[in-house]
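Just below is one structure, and these are the notes that go with it.
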Amino acid sequence: AIQLTGISPAFTLAVIYMLVQVISDLVAHPFHHTIEHALARLSPPTEIEVVGKPHYLSDHALGEPQSALVLVEREQEELLAKLPDFINPLREDSVTPAYKVESLHDAGQKVAAECAEFLTNIADQHHSRDVLERVVLLRQRNELIRSLQEVLRDLYLEIQPIDHGESAQQLLHGMLESLHLLLLTLSEAQAEWNPEDMEILRSLTHDRSEMMDSIRRRFIGMEHTLSKEAQQSIFAVTMHFERVVWLLRRYVLLLDQSHLTLDL
């Protein structure tokens, strides 16, 4: 029928291509939702696929470096807001997170890796001093977030399977509540700059080495009331706690530096 019209071969090909697209859509359209729902039932998205999607990163923003850097900061705020969920399952009377700690860790690492790649693309396309300085700061913050995710995951895995006894349980409860407060305060400080919150964070993240050493010596000496497994677990937990506080301290200093850079 098309050939009877006498149009050129090139135009004939274009018409056939268009007709195939239109007819295919008309035939499949009534079954679109049925097929979509069937695929969702047969192969539902994993927790990592759901949680591991960046909320703000967009390649369209790369042309405007200042906007692109703001998007990275918003993404880091989301990652920080999820850090308390790493220890919430261990706290008393806490709401169970919607996702498992392992899924939160893997998804968070995935998003942080995409943030790192996004920052590399910004640095490759824009070479002004201001942009590069902010890229360096955000990269450092990004690496600290990844390290916090790893240490908090290790802390969760270390505490969960062991019966530590009543005395050790009180110590663990205090450390978990302290970490939860620190993580919440840091998340709020990142989202909205508050000098009072920053002062609290500087005070709470001072060096805890001496205190942790005294706690370790105390519980390692309780060989008659604590199993060797529990003693080793407490030792590991205090090491993780100390490292989390050190990482938070570094992050707070970077927030101070970032705020000073923006003011300048």
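The values are calculated or read from the model by the stated rules, or taken from the named source; none is laboratory data. Source: prediction; values computed, not measured. Glycine also receives a Cβ, built like all others from the backbone with ideal geometry; neighbour counts cover every protein chain displayed. Calculation scope for accessible area: heavy atoms of the full protein, side chains included, ligands and nucleic acids excluded. Shrake-Rupley method; radii C 1.70, N 1.55, O 1.52, S 1.80 Å.
Hydropathy at least -0.5 by Kyte-Doolittle, axial extent at least 30 angstrom from the Cα trace: which helices of the chain, defined as entire DSSP H runs, fit?
Membrane-span-like by this rule: 101-125, 129-159, 165-191, 228-263.
At R0 = 41 Å, how high is the FRET efficiency between residue 92 and residue 55 if r is their beta carbon distance? Nearest 0.05 is fine. Don't skip to the answer; put the middle values down first.
Numbers: r = 31 Å, r/R0 = 0.75.
The pair residue 92/residue 55 has a calculated efficiency of 0.85.
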**Q.** residue 41/residue 157 FRET efficiency (R0 51 Å; Cβ-Cβ; nearest 0.05)
**A.** 0.95
(Q) Which of rounded, prolate or oblate describes the stretch 87-220 when judged by the alpha-carbon gyration tensor and an a/c cut-off of 1.5? (A) prolate
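Pairs of lysines 8 or more apart, or on different chains, with alpha carbons under 15 Å: count those in the chain, would you?
Numbers: 53/82; 53/110; 82/100; 82/110.
The result is 4.
Going by a ≥ b ≥ c, the root eigenvalues of the Cα gyration tensor, does the stretch 1-132 fall in the rounded group (a/c under 1.5), the prolate group (a/b larger than b/c) or the oblate group?
On the way: a/c = 4.87, a/b = 1.61, b/c = 3.03.
Here the stretch 1-132 falls in the oblate category.
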Q: Select from 27, 95, 245 the residue whose mean-square fluctuation is largest in a Gaussian network model of the chain (Cα-Cα springs shorter than 10 Å).
A: 27
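So, for the stretch 39-153, what is the accessible surface per residue at a probe of 1.4 Å, expressed in square angstrom?
Numbers: 5900 Å² over 115 residues.
It amounts to 51 Å² per residue over the stretch 39-153.
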Q. So, in Å, what gap is there between the alpha-carbon centers of the stretch 232-253 and the stretch 74-126?
A. 18 Å
Q) With springs only between Cα atoms under 10 Å, which of 98, 28, 14 fluctuates most in a Gaussian network model of the chain? A) 14
Q: Classify the chain as rounded, prolate or oblate, taking a ≥ b ≥ c as the square roots of the eigenvalues of its Cα gyration tensor: rounded when a/c is under 1.5, otherwise prolate if a/b is larger than b/c and oblate if not.
A: oblate
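At 222 nm, what helix-only mean residue ellipticity would the chain give, in deg cm²/dmol to the nearest 500, using -39500 (n - 2.57) for each DSSP H run of four or more?
So the calculated ellipticity at 222 nm is -25500 deg cm²/dmol.
Within the chain, which is the longest segment containing none of the GluC sites (Glu not before Pro) that sit in a DSSP loop and have at most 13 other Cβ atoms within 10 Å? Walk me through the intermediate numbers first.
Numbers: sites that count: 92, 192, 223.
Between exposed loop sites, the widest span is 93-191.
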